[in-house]
Amino acid sequence: MAEVGSVVLPGDQVRLMINTEDSTRFVTGPGLRRDSDQVTVSKAGILKHKEPNIYWVDSRQKRYIPTKGENVIGIVTMKAGDVFRVDIGGSEQASLSYLSFEGATKRNRPDVKIGDLVFGRLLVSNKDMEPELVCISSNGRSNGMGVIRDGGFMFTVPLNLIRKLLSSDCNLLKTLGHHLPFEVAIGMNGRVWVKGRSVRETIAISNAISSAEFMDNMQIKMMCNKLVDALTGFT
Amino acid sequence: MPAHRSTMGSKFRTRSSSPMELRPMLSEVSVLSRSDGSASFSQGDCCALAAVYGPGEVKVAKELSDKASVEVVFKMKVGLPGCKEKIQERILRNTCETAIAATLYPRTAIDIVIQEMHNSGSFLATCINCVCMAMLDACVDMKYLVAAVTCGLNSEGELILDPTLEQESDLTALMIFAYESSNFEVIATYTTGSFTSDQFQICLIHCREASKHIFQFFRDTMARKLSK
C-alpha cells in the first residue's frame, strides 16, 4: 500500500484517506485507475494529495496527452477547407476552425499561414475524438490567444517544468521579469514561446527557463542574477 | 539531458559464482534526449538500450479503433534481422502489450526500439527488463510492471539461473519467464529444449523469487530518478 508523497510504480495499490462523510466521492487524477473499490497506480511518479479528496500521480512525462480546457501552443500544418490542422504534440492533430478567432466572420477570415504558431485552448479533448482548438474565449474575446507573430523563439521542455512555471510558488518568470522585459506564452503541451528585447536576451531567457527544471526558488534567484550580470557585461 | 544511474551489486553474484543468483544489474534511464522515454539496462555483461515513443501518431494501416497499437523493433549489433530476431520481437511485443493499458489510448501508436549493445547470455530477459524500464521512464500507462528471468537446466538436471553465454551452450533446456508485479503471476514463457513438467514447475518457482529482486531494482532506480 502506497502512501501520499512516496514514489509509486504501475501496479501499486493506493490507500486513500477520505475525510468527508461520503467516502465514495473522491477524484483520481492522471496516473491512477479505479476498478470497483480499489485504486491502482498506472504511471511511475510521486503520489500527491490535495484536500479534501483529490489524488494524482505527479510524473515526468515528455509526451503530451491532450486535456480539455488546457492552453497549448500549436503549429499550423495544413489548411483544409474551413478548418486548420494544428500539431499540438499529441497523438493526433487538433482542428481549429477559422471562425474561432476574435473578430473573424465568414467575410473576414483570419490571416493564418502554414507554419504559424497559434496559442489556443482545447475545447474538445477525449480519447475517442479529434481534439479541437479555439483561439477565443466563451464571451468572444481573444484573451491573449491567437496567432503568435513578430518573431520570438519557441522551444520544448518537459511537461513537469511547464506545471512548475505555471504554479504560484515558482518565482522564475517574476524574477526574470524584474530584470528583463519579455513576452512569454506557455502551453501545457510542453512548448514555450519567448520574446525579449533582442535576440541575445531571448536566448538568455530561453536558456534560463529550460535550465530551471530541478532548481528551487533560491537557486532560481541566483541563476537570474548571474544571467543579468552576464548580459550587462559584469562577469 | 540528465541520466540517472543505478546499480545493484553486492547481494548478487559477481561472475559465475553461485548458479542460483542473478548477475549484477545496472541501469540508466533518460539516456536519449529525443525519445519520450529511454533506458539502458545490463545484467552482468549483457546490455541493451531501449527507447519508447508514444502514445503518438499512428499509420492508418496499423490504427486500431479500440486500443493503442504496440510496435517493437529489435536492432542487432551487426547484420540484418532473421527469424530468431523476429520471434524475439514478437515475444517482446506480446509481453509489452499485456502490461500496457492500451485501451486508454485508442488510435495511437506506442513504438519501442531496442538496440542490442552486448549479448552475453539470457539476452531476451534483459531486453524485456530494459523495455520495462524505458516504459517507466516514458510514463506509459501500465497495468503492472514486467520482469523476465532466464533459467536453464544442464545435463545433470541442475538449475542455473540467469546463465551466461558459455553456460547457455551446454544446457539441455532453457526457459524464460516474464512475471507481473502485482501478484507475481506468469505473463509469458518461452522455452527450448526438453524437460519434465516437474522441472518446469521448479524453474518457475525459482524464477519467480528472482523476479522480486528485479522489481525491487526497478523501484530503487525510479525512486532515485524521481527524488531529484
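The values are calculated or read from the model by the stated rules, or taken from the named source; none is laboratory data. The structure presented is a predicted model; accordingly, all values stated were derived computationally and were not measured. Backbone-built Cβ (ideal geometry, glycine too); neighbour counts: all protein chains shown. Remember, those area values only see protein heavy atoms, side chains included, never the ligands or the DNA or RNA. Shrake-Rupley method; radii C 1.70, N 1.55, O 1.52, S 1.80 Å.
Brief remarks follow.
- The one condition in (1) at pLDDT below 95; (2) under 19 Å from the mean Cα position of the chain (by Cα); (3) more than 16 Å from residue B:121 (Cα to Cα) that residue B:45 fails to fulfil: (3)
- Identification of helices (runs of 4 or more DSSP H) wholly contained in the range A:158-235 with 2 or more residues that are farther than 26 Å from residue A:70 by Cα yields A:172-179, A:199-210, A:217-232.
- A count restricted to the range A:201-228 and to residues that are aliphatic (A, V, I, L, M), closer than 27 Å to residue A:59 by Cβ and out of contact with any helix residue (DSSP H, G or I) (no Cβ under 8 Å at 6 or more places or on another chain) stands at 1.
- Residue match in the range A:31-45 (condition: closer than 16 Å to residue A:160 by Cα and either touching a helix residue (DSSP H, G or I) at 6+ places or on another chain (Cβ under 8 Å) or away from chain B (no Cβ under 13 Å) (or both)): yes
- Taking the criterion of being of a type outside the set (Val, Ile, Thr) and more than 14 Å from chain B (Cβ to nearest Cβ), the residues of the range A:79-95 that qualify are A:79, A:80, A:81, A:82, A:84, A:95.
- The lone exception for residue A:120 - which of (1) touching a Cys at 6+ places or on another chain (Cβ under 7 Å); (2) at pLDDT below 95 it fails: (2)
- When the residues of the range B:190-214 are filtered to those that are part of a strand (DSSP E or B) and farther than 21 Å from residue B:23 by Cα, the one that is farthest from the chain's Cα centre (by Cα) is B:193.
- When residue B:40 is tested against (1) at pLDDT below 95; (2) of a type in the set (Ser, Thr, Tyr); (3) in contact with a strand residue (DSSP E or B) (Cβ under 7 Å, 6 or more places away or on another chain), just one condition goes unmet, and that condition is (1).
- Criterion applied to B:138, B:147 was being touching a Ser or Thr at 6+ places or on another chain (Cβ under 6 Å) and surrounded by 24 or more Cβ atoms within 10 Å (Cβ to Cβ), and the one residue passing it is B:147.
- For the range A:213-228, the set of residues classified as charged (D, E, K, R) and either more than 23 Å from the chain's Cα centre (by Cα) or open to solvent by 90 Å² or more (accessible area, probe 1.4 Å) (or both) consists of A:221, A:226, listed by residue number.
- The condition of being open to solvent by less than 50 Å² (accessible area, probe 1.4 Å), over 25 Å from residue B:98 (Cα atoms), touching a residue at least 12 places away in the same chain (Cβ under 8 Å) and in a strand (DSSP E or B) holds for only one of B:160, B:187, that being B:160.
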